[in-house]
Amino acid sequence: MKKYLLLCFLALTCATGYAQQAQHVLFKGIPLGCDLETFRRQMLEKGFSPNDRRADSPGSCSFVGKFSGDFVEVNCLLAPGTNRVSKVGVDFKRWTVVLDGREGGVTRSQQSQRFEKLATSISNNFGKPTQDVKGARDGVERMALWKVPGGSIHLILHNIQGKYVTLSLLFSDGV
C-alpha cells in the first residue's frame, strides 16, 4: 500500500511539474526565455552572423541573416535584471520606403504586399490576428498582433519622423 501511495504521489508530482513548465515563444525554433549564450549559439547554428554594424551592449545582441526569404537584422533584448532573452526584433531593411523623394529600395505598394504576405504566413500558423490596427498613431502606420503560446508576435509598419517607413516583426516572450 505504501508503495502504491508513493507511486501515485510521484506520478502526480511529475504531472504537475510538467504542466507548470513555462511555454515560450519560438524564434526560428529557438525558445525565448533561454539564456543569452544559448540564444547566441543557436542563432549561429541557424546560419546567422554577429552584426558588425551594431556593437552588443549589456542588455542586447544583434545578428544578420536570412529570415522568411529576406536578409534581415535581428536584435534581441534581455528581460530586465536577467540574462534571459525576452524580445527578438526582426528588421526588414530591404522593405524600407524612403518618403522624402530620395532613391529608395521599394515602393509603398510593394511594402504593403510584403506586409500582407508576412501577415498571411503568421496567420496560417496562429490564426487571425488578435488586433489589426491601420492608420498612423505614435509612429505606427499599421500593426497586426497575434497572441501565441507563451507570448505575442507583432508585425509593424513604423513611420520614422515622416522620413521613411520600416517593416519589422517583434517576438515577445510572455513568461
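Being modelled with pLDDT under 90 and either of a type in the set (Asp, Glu) or open to solvent by 60 Å² or more (accessible area, probe 1.4 Å) (or both) narrows it down to one residue among 161, 131; which is it?
Working: 131 fails: modelled with pLDDT under 90.
Exactly one of 161, 131 is modelled with pLDDT under 90 and either of a type in the set (Asp, Glu) or open to solvent by 60 Å² or more (accessible area, probe 1.4 Å) (or both), namely 161.
Is segment 80-96 home to any residue that is farther than 22 Å from residue 54 by Cβ and acidic (Asp, Glu)?
Taking segment 80-96 first, the residues farther than 22 Å from residue 54 by Cβ are 81.
If we keep only those that are acidic (Asp, Glu) too, we end up with none.
No, there is no match, as no residue in segment 80-96 is farther than 22 Å from residue 54 by Cβ and acidic (Asp, Glu).
Could you please find all residues in segment 125-175 being under 26 Å from residue 35 (Cα atoms) and touching an Asp or Glu at 6+ places or on another chain (Cβ under 6 Å)?
Within segment 125-175, 151, 168 qualify.
Residue by residue through segment 48-75, note down the ones that are buried (at least 18 other Cβ atoms within 10 Å of the Cβ) and among the polar types (S, T, N, Q).
Hits for segment 48-75 are 62, 75.
With respect to the numbered conditions (1) open to solvent by 80 Å² or more (accessible area, probe 1.4 Å); (2) within 24 Å of residue 152 (Cα to Cα), which one is the sole condition not fulfilled by residue 45?
Evaluating residue 45 over (1) open to solvent by 80 Å² or more (accessible area, probe 1.4 Å); (2) within 24 Å of residue 152 (Cα to Cα) leaves (2) as the failure.
Just one of the numbered conditions (1) surrounded by 15 or more Cβ atoms within 10 Å (Cβ to Cβ); (2) over 14 Å from the mean Cα position of the chain (by Cα) is not true of residue 25; which one?
Result: residue 25 passes all but (2).
For segment 101-122, check the following and say yes or no: at least one residue is polar (S, T, N, Q), in contact with a Phe, Trp or Tyr (Cβ under 7 Å, 6 or more places away or on another chain), farther than 22 Å from residue 77 by Cβ and open to solvent by less than 70 Å² (accessible area, probe 1.4 Å).
Here is the first cut: in segment 101-122, the ones polar (S, T, N, Q) are 107, 109-113, 120-121.
Now restrict to residues that are in contact with a Phe, Trp or Tyr (Cβ under 7 Å, 6 or more places away or on another chain): 111.
Subsequent filtering for residues that are farther than 22 Å from residue 77 by Cβ retains 111.
Applying the additional criterion that residues be open to solvent by less than 70 Å² (accessible area, probe 1.4 Å) yields 111.
Yes, some residue in segment 101-122 is polar (S, T, N, Q), in contact with a Phe, Trp or Tyr (Cβ under 7 Å, 6 or more places away or on another chain), farther than 22 Å from residue 77 by Cβ and open to solvent by less than 70 Å² (accessible area, probe 1.4 Å).
Within the bounds of segment 76-89, is there any residue that is in contact with a Gly (Cβ under 6 Å, 6 or more places away or on another chain), touching a residue at least 24 places away in the same chain (Cβ under 8 Å) and open to solvent by 80 Å² or more (accessible area, probe 1.4 Å)?
So far as segment 76-89 goes, yes, one or more of its residues are in contact with a Gly (Cβ under 6 Å, 6 or more places away or on another chain), touching a residue at least 24 places away in the same chain (Cβ under 8 Å) and open to solvent by 80 Å² or more (accessible area, probe 1.4 Å).
The values are calculated or read from the model by the stated rules, or taken from the named source; none is laboratory data. What you see is a predicted model; the values in this text were computed from it and never measured. Using ideal geometry, Cβ is built from the backbone for each residue, glycine included, and neighbour counts are taken over all protein chains shown. With ligands, DNA and RNA removed, areas are computed over all heavy atoms of the protein, side chains included. Shrake-Rupley method; radii C 1.70, N 1.55, O 1.52, S 1.80 Å.
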